Amino acid sequence: MSSWKPKRFWNTATAEATEGGYTVRLDGRPVRTPAKAAFLLPSLAMAQAAAAEWDAQQGQVRPETMPVTRAANSAIDKVVHQFGAVVEVLAAYGETDLLCYRATGPEALVARQAAAWDPLLRWSAEVLEAPLVATAGVMHIAQPPASLSRLRAELTAATPFELAALHDLIAITGSLILGLAVARGLIDSAEAFGISRIDEHWQAELWGVDDEAAALEATKKAALDEAARFFLLCQ
């Protein structure tokens, strides 16, 4: 395996308008994606955020410190070409949405889930016109086909950049409804993350916090925050 890693070769990264959108230039040379496609972005704000990431690199380029650039690359190189497949993967979350599968006990946990999850299911029914059925336990229940179709339409209406953000908003929380709620501005990413972790936090209250689990949770929360930020940058 090659040990070569890219290093900073430019002095200044700038966000600029270009035909069809916005891009980032390094000393006047346009950035390209890993697949060598044009780094064409939908908003100036996104281009400015990506340029700031390039400008922040010192010495060796560290892609893990460039979440906007990485998400944009994913949208351009992957989602654009696999849009329908990504929609189907995310739409499937509606069939087994986290918010629909409730604890059978203890009563305090059941109440905590209901207090956080019921308002979101009402929002889905009233605003998205996609009512879902909740149940106690983990046995699969079928959801109304019309509701699943409506939720799929929400995803299909997204741009490739928005869908790239929605992928993480939905996959990290385990809930199509939570992901759409963040995208629609009903709740922010911190609220969504807490709502998605009710079971885990309940267990931590009972048995204590595991350091490894806490570190993994922090990583997931950071990724969810970045996905929410990226979605806003699409506008």
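For region 64-73, check the following and say yes or no: at least one residue is charged (D, E, K, R) and over 17 Å from Leu232 (Cα atoms).
So in region 64-73, the residues charged (D, E, K, R) come out as 64, 70.
Within this subset, residues satisfying the condition of being over 17 Å from Leu232 (Cα atoms) are 64.
Yes.
Results for (1) closer than 26 Å to Ala222 by Cα; (2) among the small types (Gly, Ala, Ser), shown as yes or no for each residue.
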| residue | (1), (2) |
| --- | --- |
| Thr18 | no, no |
| Ala47 | yes, yes |
| Ser74 | yes, yes |
| Leu90 | yes, no |
| Asp97 | yes, no |
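Here is the figure for region 47-63: residues that are in contact with a helix residue (DSSP H, G or I) (Cβ under 8 Å, 6 or more places away or on another chain) and in a helix (DSSP H, G or I) total 6. From the list Leu132, Leu186, the lone residue that is more than 10 Å from the chain's Cα centre (by Cα), surrounded by fewer than 18 Cβ atoms within 10 Å (Cβ to Cβ) and touching a residue at least 40 places away in the same chain (Cβ under 8 Å) is Leu186. The residue of region 6-31 that is farthest from the chain's Cα centre (by Cα), among those that are loosely packed, with under 13 Cβ neighbours inside 10 Å, in a strand (DSSP E or B) and assigned by TED's automatic domain parsing to the domain that holds Gln60, is Arg29. Cβ-Cβ distance below 6 Å, separation of 6 or more or different chains: which pairs start in region 36-65 with a residue that is β-branched (Val, Ile, Thr) and end on one that is assigned to a loop (DSSP other than H, G, I, E, B)? Going by the 6 Å Cβ cut-off, the qualifying pairs are Val61/Pro6. Hey, among the residues in region 46-70 that are of a type in the set (S, T, N, Q) and under 22 Å from Gly21 (Cβ atoms), which one's surrounded by the most Cβ atoms within 10 Å (Cβ to Cβ)? By that ranking, first place goes to Thr69. Return a yes/no flag: does region 152-169 have any residue that is farther than 30 Å from Asn73 by Cβ, in contact with a strand residue (DSSP E or B) (Cβ under 9 Å, 6 or more places away or on another chain), touching a residue at least 24 places away in the same chain (Cβ under 8 Å) and buried (at least 18 other Cβ atoms within 10 Å of the Cβ). Within region 152-169, none of the residues are farther than 30 Å from Asn73 by Cβ, in contact with a strand residue (DSSP E or B) (Cβ under 9 Å, 6 or more places away or on another chain), touching a residue at least 24 places away in the same chain (Cβ under 8 Å) and buried (at least 18 other Cβ atoms within 10 Å of the Cβ).
Looking at the structure I just gave you, is Ala37 in contact with a Leu (Cβ under 9 Å, 6 or more places away or on another chain) and either modelled with pLDDT of 95 or more or outside the structural domain of Asp225 (by TED's automatic domain parsing) (or both)?
no
For Val87, state whether it is buried (at least 19 other Cβ atoms within 10 Å of the Cβ) and either in the same structural domain as Glu205 (by TED's automatic domain parsing) or among the aromatic types (Phe, Trp, Tyr) (or both). When the stated conditions are applied, Val87 passes them.
From Ala227, Ala218, Ala213, Ala204, grab the single residue that is of a type in the set (A, V, I, L, M, F, W, C) and touching a residue at least 24 places away in the same chain (Cβ under 8 Å). Spell out the reasoning first.
Numbers: Ala218 fails: touching a residue at least 24 places away in the same chain (Cβ under 8 Å); Ala213 fails: touching a residue at least 24 places away in the same chain (Cβ under 8 Å); Ala204 fails: touching a residue at least 24 places away in the same chain (Cβ under 8 Å).
Going through Ala227, Ala218, Ala213, Ala204 in turn, just one is of a type in the set (A, V, I, L, M, F, W, C) and touching a residue at least 24 places away in the same chain (Cβ under 8 Å): Ala227.
Run down Ala192, Ala214 and say which single residue is more than 18 Å from Gly84 (Cα to Cα), under 15 Å from the mean Cα position of the chain (by Cα) and in a helix (DSSP H, G or I). Ala192 is the lone residue from the list that is more than 18 Å from Gly84 (Cα to Cα), under 15 Å from the mean Cα position of the chain (by Cα) and in a helix (DSSP H, G or I).
The values are calculated or read from the model by the stated rules, or taken from the named source; none is laboratory data. Note that the coordinates shown come from a computational prediction; the quantities given were computed from them, not determined experimentally. Cβ atoms come from the backbone with ideal geometry, glycine included; neighbour counts cover every protein chain shown.
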